[in-house]
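Report on the structure given below.
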Amino acid sequence: MFVKLVCLVVVFTSQYALSQDDSPYPIIGGIFYEDEAEALKAALEIGATEFHFTTSIKEVKERGDFIKVSELVCELASEGVIGIIDGLGGRVSENVQALCDMLELPHVLVQQNDLDAKDWSVINMFPSGEAFNMVLESLITIKEWTNFTILYVKGHSLSRVNHVMMMGNDTDQMTISVRELTGDDYRDVLLDAKDNGYLNFVVDCPSEYLELLLTHAQEVDLMSDDCSYIFVSPDLFTLDLSRFRYGGVNITGLRFPELTILNEKLWAFVDAFNNMTAVPVDAAELKIKALLVYDAVNVFYAGVKTLNESEKRANSVFGDKLDCENYDTWSMGATLLNFMKTNKLETGLTRSLLFDGTGQRNDIIIDILELTPAGNQTIGTWKYNTTRINRPFVPTMDEYGEENIMRNKSFKVLIALTEPYAYVKESETELEGNDRYEGFAIDLIARLADMLDFGYEFEEEADYGSLSNGKWSGMVQKIREDRADFAICDLTITKERKEGIDFSTPFMTLGIGILYKEPSKQPPEMFSFMAVFSREVWLYMMFVQMGVATVMIFVGRISHKEWQNPVPCVEQPEELTNQFSFHNSVWLIIGSVMQQGSEIAPIALGPRIITSVWWFFTMVIVASYVGTLVAFLTVEKDVQPFQNIEELYNSKSISYGAKKKGSTMKFFETATKPTLQNMHKRMLERGWTVAKNDEGVARAETQNYAFFSESTAIEYYTERNCDLMQIGELLDSKGYGIGMKINSIYKKYIDDALLKLKERGEIQKIKDLWWKEMRGGGKCGEKQAAEQSQLEMKNVIGAFVVLGAGCLFGLIASILDMLWGVFKRSVKYNTTYKYELVQELKFALKFSGDVKPVKRPPKIDKSSSEALADVKETEEAKDEVGSLLSARTLRSGKSTSTHASSHSHSSRHTSQSLSIAFAKRRKYS
Ligand code: GLU
């Protein structure tokens, strides 16, 4: 402290020594937003006092008020300022820029802006987007990320990450996604990234959004050791990040000022700053904008000094009073600006103040910081376009050894008798004090007390706390009025409550769900036996039956052995018959499906193979069908009256409600969606709200009532009431935290301890105990999906494949059989192979006529060979029908009559006349 004071005195006395005359000082104009004005004004005043300027500061109330901003710039010009420091940023700065260009007044920006470099009158104290892109690219490369998500806030420029977005283009080895943060709830965006497995983030958002983003990231569990962040804003490490220190999350950020004891200028500035502002800050907590305002005054000072020297002026240069309406210009403006750009200042709060011709900063040095269990650590620097990482030794928590201020203290802890957070213990003896209670919250506080070595006493409070007519109630009120220290139960962290009390880091995450009865059962349908197979399977089965029947007919017709003597007692039949007619084939197929069989029995190898695989196929299908049929005939179908909140809203018969004074009701009350607003109105008007969760659960069980409750409660009740279930998706996502006084000095100890418990999985263990084991838990754990699912094609495809292969195999066997038969016949009858094959196929493919005349060999010579023919014919007929002696008579009526006539006919002929008749019928009829 002494050193700092000495420095302050030295710096100021040296500056005052420069001012030798009493003449008024040149004026520097400042234009800032009202809500930031205190800090920026202080920085400007400190600079002005030090460098001998007077100031004229204008404040703008509303962001983006172009008209007001233009008016104020012209006002400043009319006062004769030598330049304007613009803390506004965004599009209005373009307005300021245009006016400054016209008036030829130097315009100095102190925040990221994309004003075109060609604009002559601009000096940007904030490092260019180019520089940020370079630092980020090198950090991403060092971290060896292969995927990351860029988070940016809607309406803000992406110029600091535009090159980073293109990093994956060259190699294809990087997956980069970009998400926009809108509104004041970033949880959905973060959850979405998390669900997609993206755990590395580049966050480019202005400092005012950082706190909300960090909180929401923690609430959706994105602050654990598998998550990694690079923050673009140089203000990140001005925030209190201690609550994330032990979670293992990797947070990297940037800082401009050199925060060492040697930086005397900075310490002097901090002291002066704290004298002028209401809330004192540390050097590390100073926002970049304030530092840049001071540095901007320094740049003005150097510019004015050089200008005076070059003009050999005794007195300082003063601005002209300019009138915007007359398009006045300041004759010295361009020269001053030129000197401001070309001067080389090595001693700014944000290190050297060098600029290029376009007014962008040159040769900047940026510190790279990382959050470690020991706090914020500088791990490297970015200098002359290169990143050097020089990670220091990070002591562990114990070596760090911070004083535990909770030790040996006793606290009053508020609990609510809400299952399973706190119950009154069932005991035969009368219990006293804390022993009277058990439950999740009781176990959790006991663990924290063990870790942090404090004592506690419970007090019951049923009302969690809400704000009505400006007055807090329940737990929140008691904490605010110092009547209790902590509140632990299913206390939801809400925006409203956060204005009244502080919360620890969330120990559980949840969302609002709908608790409703298990779907009612519908009696089985009349044709439920059809439901065993899906429509697809039935169609395929029909198709397969027709297909196999066709193959059977064909195979039967080309198989030599299937042509049988219809009358076994006749040794030389005129015709042969085939059992594989259309009717018989279909009958065989259906008989097998029905497991009844038929008298048709294949004789040849091919038909036998096909019949066997068909029997196998039917066996598998019938077994699957019968096995599943029972379930379909007995299981009743579930009917859910609604699937989501919209359907519930539109339902006329179902009432719904939530806990009266809880955050769930607040969710509906503050919702902007008309459906939710109407639901809130209905719940209140129709008295559908309940005082406690138990009441809502009882209503859901006994009435046609849907209970809106938090997913944690739904999980608890559905473990015990097996008739209840959660319907639809969760409506939001949030967390439970331990409530404590605003700015509580115990918060960081509780947070650290909770994070440790989380990391060790202890919170989950306590949860499992109270949800799934104690007090009736686990009752419905083995809930089975009662609904039997239909057999789809994927369940029986194997049988179809076997059938297909078998048919193919049988077909090949029959074709080979046929080809052999054709060959034999062509030799026997002395015809060509092709002729016999064509005849055979023509006959087979006709698919009609199950009677085939027996072929006879050709007459070689009509006169001389008659006797020989007789002998041959007899042998031929014998040969062809030799195998038929054991053949059976077919039952087909048509066949039978044909046989009968053939038989009577043949018996009337001699062998000679038979041979003539057959010779005439060489061709198959
Ligand atoms: N956890 C809620 C709260 O903190 C109570 C239960 C509810 O509203 O569903 O208010």
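The values are calculated or read from the model by the stated rules, or taken from the named source; none is laboratory data. Please read these numbers as outputs of a predicted model, since none were measured by experiment. All Cβ positions, even for glycine, are placed from backbone atoms using ideal geometry, and neighbour counts span all protein chains on display. Surface areas here come from the heavy atoms of the whole protein model, side chains and all, with no ligands, DNA or RNA. Shrake-Rupley method; radii C 1.70, N 1.55, O 1.52, S 1.80 Å.
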Residues of the stretch 743-764 that turn out to be farther than 18 Å from Lys409 by Cα and small (Gly, Ala, Ser), as a count: 1
Residue satisfying all of: in the stretch 291-308; farther than 21 Å from Phe273 by Cβ and touching a residue at least 24 places away in the same chain (Cβ under 8 Å); surrounded by the fewest Cβ atoms within 10 Å (Cβ to Cβ) among these: Thr306
Whichever residue in the stretch 697-716 is among the hydroxyl-bearing types (Ser, Thr, Tyr) and crowded, with 24+ Cβ neighbours inside 10 Å and, among such residues, is farthest from the ligand (Cβ to nearest atom): Tyr716
Restricting the stretch 674-696 to residues that are farther than 19 Å from Glu647 by Cβ and among the hydrophobic types (A, V, I, L, M, F, W, C), the residue that is farthest from the ligand (Cβ to nearest atom): Leu684
Enumerated helices (runs of 4 or more DSSP H) restricted to the stretch 112-226, each holding at least 1 residues that are touching a Leu at 6+ places or on another chain (Cβ under 7 Å), open to solvent by 10 Å² or more (accessible area, probe 1.4 Å) and farther than 30 Å from Thr358 by Cα: 187-195, 207-219
Some residue of the stretch 549-558 being on the phi < 0 side of the Ramachandran plot, open to solvent by 20 Å² or more (accessible area, probe 1.4 Å), at pLDDT below 85 and in a helix (DSSP H, G or I): no
Hits in the stretch 798-830 (condition: open to solvent by less than 80 Å² (accessible area, probe 1.4 Å) and more than 21 Å from Leu576 (Cα to Cα)): Gly798, Ala799, Phe800, Val802, Leu803, Gly804, Ala805, Gly806, Cys807, Gly810, Leu811, Ala813
Breaking point among (1) within 49 Å of the chain's Cα centre (by Cα); (2) open to solvent by 40 Å² or more (accessible area, probe 1.4 Å), for Tyr327: (1)
Residue match in the stretch 617-627 (condition: surrounded by 14 or more Cβ atoms within 10 Å (Cβ to Cβ), at pLDDT 90 or above and within 20 Å of Thr494 (Cβ to Cβ)): no
Residue in the stretch 242-250 that is more than 38 Å from the chain's Cα centre (by Cα) and either open to solvent by less than 30 Å² (accessible area, probe 1.4 Å) or free of Cβ contacts under 8 Å to residues at least 40 places away in the same chain (or both) present: no
Members of the stretch 624-673 found to be more than 16 Å from the ligand (Cβ to nearest atom) and among the aliphatic types (A, V, I, L, M), listed by number: Val626, Leu629, Val630, Ala631, Leu633, Val635, Val639, Leu648, Ile654
Pair list, Cβ under 7 Å, 6 or more apart: the stretch 127-141 residue in contact (Cβ under 8 Å) with a residue 24 or more places away in the chain, other residue open to solvent by less than 10 Å² (accessible area, probe 1.4 Å) and part of a helix (DSSP H, G or I): Asn133/Val164; Leu136/Val164; Glu137/Val164; Ile140/Val164
Scan of the stretch 70-92 for residues that are surrounded by 24 or more Cβ atoms within 10 Å (Cβ to Cβ) and outside any loop (DSSP other than H, G, I, E, B), ordered by number: Val73, Leu76, Ala77, Ile84, Ile85, Asp86
Test for Lys741: is it touching a residue at least 24 places away in the same chain (Cβ under 8 Å) and within 28 Å of Val189 (Cα to Cα): no
Matching residues in the stretch 37-69 - criterion: being under 18 Å from Val96 (Cα atoms), touching a residue at least 12 places away in the same chain (Cβ under 8 Å), part of a helix (DSSP H, G or I) and not small (Gly, Ala, Ser): Leu40, Phe66, Val69
First in the stretch 457-469 and without any contact (Cβ under 8 Å) to a residue 12 or more places away in the chain and within 14 Å of Ala422 (Cβ to Cβ), second anywhere and open to solvent by less than 30 Å² (accessible area, probe 1.4 Å) and within 11 Å of the ligand (Cβ to nearest atom), Cβ under 8 Å, 6 or more apart: none
Residue count, the stretch 330-351 (criterion: among the hydroxyl-bearing types (Ser, Thr, Tyr), surrounded by fewer than 16 Cβ atoms within 10 Å (Cβ to Cβ) and modelled with pLDDT of 90 or more): 2
Sole residue being away from the ligand (no atom under 11 Å from the Cβ), out of contact with any helix residue (DSSP H, G or I) (no Cβ under 6 Å at 6 or more places or on another chain) and closer than 21 Å to Thr689 by Cα, chosen from Leu724, Leu731: Leu731
Residue count, the stretch 642-679 (criterion: closer than 30 Å to Ser528 by Cα and open to solvent by 70 Å² or more (accessible area, probe 1.4 Å)): 3
Qualifying positions in the stretch 646-697 - without any contact (Cβ under 8 Å) to a residue 40 or more places away in the chain and acidic (Asp, Glu): Glu646, Glu647, Glu669, Glu685, Glu695
Odd one out for Ser233, checked against (1) open to solvent by less than 10 Å² (accessible area, probe 1.4 Å); (2) in contact (Cβ under 8 Å) with a residue 60 or more places away in the chain; (3) in contact with a Cys (Cβ under 7 Å, 6 or more places away or on another chain): (2)
Strands (runs of 3 or more DSSP E) (entirely within the stretch 466-529) containing at least 1 residues that are open to solvent by 10 Å² or more (accessible area, probe 1.4 Å) and within 14 Å of the ligand (Cβ to nearest atom): 508-510
Count of residues meeting criterion [at pLDDT below 90 and surrounded by 17 or more Cβ atoms within 10 Å (Cβ to Cβ)] in the stretch 379-418: 2
Which listed residue is hydroxyl-bearing (Ser, Thr, Tyr) and within 26 Å of Thr381 (Cβ to Cβ), from Thr329, Thr358: Thr358
Unique match (being open to solvent by less than 60 Å² (accessible area, probe 1.4 Å), of a type in the set (A, V, I, L, M), away from the ligand (no atom under 16 Å from the Cβ) and out of contact with any helix residue (DSSP H, G or I) (no Cβ under 8 Å at 6 or more places or on another chain)) among Ala441, Ala449: Ala449
